[in-house]
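S.K.: One structure coming up, written as structure tokens, with questions to follow.
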Amino acid sequence: MKMATSVALSRLILFLFFTCFAAVSAATSTTTTLRPHSGFLYSRTRGRCTPQFWSSRREAWPRMVPHGSTVTKVFGSRASERFRSDMRLLEARAGNGDVFSELLKQASAALLNSYARKGFPYSAWEVKTLMIQGLVSESAAARMTKRFSVANDACIGL
């Protein structure tokens, strides 16, 4: 009797385990859609507010910031202390990997978003002010880059 009870209990536990496994597997396969990607950093699907989106020219830039705008004209003379005075915003999108280039890339996208996206958390004036504050030191640049990056990635692009 004791042996029959333990066999029945073992079968019940096994049945429940497989039932739960099948249910989780079915739910996961129906709700998750995997998209193949090439593995390149800029080829992944990104939002409509990121630096990659704005440099792709899939959408016209706001009139307040034409493609030919220089970093100095957009962000002021303080920006010319860190960047070439004739550097264009579109050139700045590529960056060279240092913390100030990353700040410029994220701040440029944030500025475009402030003009083009309703509900973007920063106004154009705030973006320009924070950009200048970020040029003070590498730690300030890293902090501002993070703030702009979070805002750009969270933007829904309306």
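S.K.: Given the residues 85, 139, which is the only one that is in contact with a helix residue (DSSP H, G or I) (Cβ under 7 Å, 6 or more places away or on another chain) and of a type in the set (S, T, N, Q)?
M.R.: Unique residue meeting the criteria: 85.
S.K.: I've got another one for you. Sort through 84, 143, 78 and tell me the only one that's surrounded by fewer than 19 Cβ atoms within 10 Å (Cβ to Cβ) and part of a loop (DSSP other than H, G, I, E, B).
M.R.: After ruling out the rest, the residue left standing is 84.
S.K.: Show the residue pairs that are 6+ apart or on different chains and have beta-carbon atoms under 8 Å apart, the first residue being within the stretch 40-57 and in the same structural domain as residue 149 (by TED's automatic domain parsing) and surrounded by 11 or more Cβ atoms within 10 Å (Cβ to Cβ), the second being modelled with pLDDT under 80 and aromatic (Phe, Trp, Tyr).
M.R.: 52/42
S.K.: Here is a further query. Can you say whether residue 114 is surrounded by 20 or more Cβ atoms within 10 Å (Cβ to Cβ) and free of Cβ contacts under 8 Å to residues at least 24 places away in the same chain, as far as the supplied structure shows?
M.R.: yes
S.K.: Take the residues in the stretch 87-106 that are of a type in the set (S, T, N, Q) and crowded, with 16+ Cβ neighbours inside 10 Å, then tell me which one is farthest from residue 152 (Cα to Cα).
M.R.: In this case the residue turns out to be 101.
S.K.: Which of (1) without any contact (Cβ under 8 Å) to a residue 12 or more places away in the chain; (2) among the aliphatic types (A, V, I, L, M); (3) closer than 16 Å to residue 155 by Cβ is the odd one out, the single condition residue 130 does not satisfy?
M.R.: (1)
S.K.: Between 79, 124, 109, 141, which is touching a residue at least 40 places away in the same chain (Cβ under 8 Å) and farther than 27 Å from residue 156 by Cβ?
M.R.: Sole residue among the options that is touching a residue at least 40 places away in the same chain (Cβ under 8 Å) and farther than 27 Å from residue 156 by Cβ: 79.
The values are calculated or read from the model by the stated rules, or taken from the named source; none is laboratory data. The structure presented is a predicted model; accordingly, all values stated were derived computationally and were not measured. FYI the Cβ positions are ideal-geometry reconstructions off the backbone, even for glycines, and counts take in every protein chain you see.
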